[in-house]
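The structure under discussion appears below in the form of structure tokens.
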Amino acid sequence: MDGNGRWAQQRGKQRSAGHQAGVKATRGIVEHCARLRINALTVYAFSSENWQRPEKEVSFLMELFVKAIRSELNKLHENNIRIQFIGELSRFSGGLLDEINAATEKTAHNTGMFLNIAVNYGGRAELVNATRAIAAKVESGELDAASITEETVTSNTWLAACPEPDLFIRTGGEQRLSNYLLWHLAYTELAFTDTLWPDFDGEELDKIIENFSSRQRRFGQTGEQVQSG
Ligand code: IPE
Ligand code: MG
């Protein structure tokens with residue numbers, strides 16, 4: 001979800017106004033994805049590198065997250081959505097951590113769309129974390145090192161409960177992953193748009209999904225193999 005700051009700047013507003021507009025866009029996209037019966041939606045709300053922003057912006061974003069979770073939780077729950085937070089959550093303090101835990105627990109038994117919110121998330125950190133968990137199991141004798149497979153790694157990541165992502169979308173014109181879902185994106189189709197996040201809506205998402213549907217996903221096979229398979 002990139003481009004909130006530039007969206008605000010273009011309108012002569014503070015960056016905070018861009019983040020507020022970004023929350024509104026997120027609400028619209030979550031609703032749209034739920035209507036489309038998407039299995040899992042993962043949004044990159046705050047990276048482990050975002051702490052380097054001016055303190056004022058960081059604290060504004062933290063406040064905004066708390067407020068957004070608080071005001072949206074009941075509706076998300078009514079819509080059977082399962083909320084998960086992925087990232088190093090221990091870095092967050094009292095208020096936000098309480099909201100995070102409350103939202104996770106309240107919706108844990110829902111059976112609809114997974115809404116994964118990446119906060120203080122880094123793809124490399126996720127892999128370090130998974131590696132530690134696996135190493136601990138080897139150390140305790142629960143797991144044999146030679147029997148570690150890709151599935152072992154996947155099941156020790158923060159997205160263990162979700163299917164692999166089919167489609168990655170980055171708004172805001174930049175064409176890079178910025179440490180996002182590094183393990184999970186191995187065979188994901190990538191889409192980039194210049195649209196700034198606050199302007200991104202269901203209509204544009206539909207267009208990107210339509211384009212995605214026309215792509216042939218070969219997973220290493222030849223085009224002919226895929227067609228005859
Ligand atoms: C993304 O928008 C939102 C967050 C990181 C929370 P930016 O804040 O990165 O917006 P630009 O890139 O400055 O326009
Ligand atoms: Mg940005």
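FYI, it's all coordinate maths here, none of it is from the lab. Just so it is clear, the structure is predicted and the values come from calculations on it, not from any experiment. Heads up, the Cβs are rebuilt from the backbone with ideal geometry, glycines too, and the neighbour counts pull from every protein chain shown.
Please report the equivalent ellipsoid semi-axes of the chain, computed as sqrt(5 x eigenvalue) of the Cα gyration tensor, largest first, in whole Å.
Numbers: eigenvalues 164, 122, 64 Å².
Those come to 29, 25, 18 Å.
Just report the Cα centroid separation between the stretch 146-181 and the stretch 1-42, whole Å.
21
Provide Rg and Dmax in Å for the stretch 121-188, with only Cα atoms included in the calculation.
14.0, 48
Starting from the 7 Å offset along Cα-to-Cβ, what nm value, one decimal, do you get for the label separation of Arg27 and Val43?
It works out to 1.0 nm between the two label points.
Name the most mobile residue of Val153, Val43, Val138, meaning the one with the largest mean-square fluctuation, in a Gaussian network model of the chain with Cα contacts below 10 Å.
Top of the fluctuation ranking is Val138.
Pulled fully out, how much extra length does the chain show between Arg6 and Gln175, if you take 0.36 nm times their separation in residues and subtract their Cα-Cα distance?
Numbers: separation 169, 0.36 × 169 = 60.84 nm, distance 1.61 nm.
Answer, rounded to one decimal: 59.2 nm.
In what order do Val226, Val30 fall by count of nearby beta-carbon atoms within 10 Å, going from fewest to most? Before the final figure, lay out the partial values.
Working: Val226 12, Val30 21.
In order of increasing Cβ crowding within 10 Å: Val226, Val30.
Straight-line reach from Lys75: which lysines fall under 28 Å, measuring Cα to Cα and dropping same-chain residues less than 8 apart?
Answer for Lys75, where 28 Å is the Cα cut-off: Lys24, Lys67, Lys106, Lys207, listed by chain and number.
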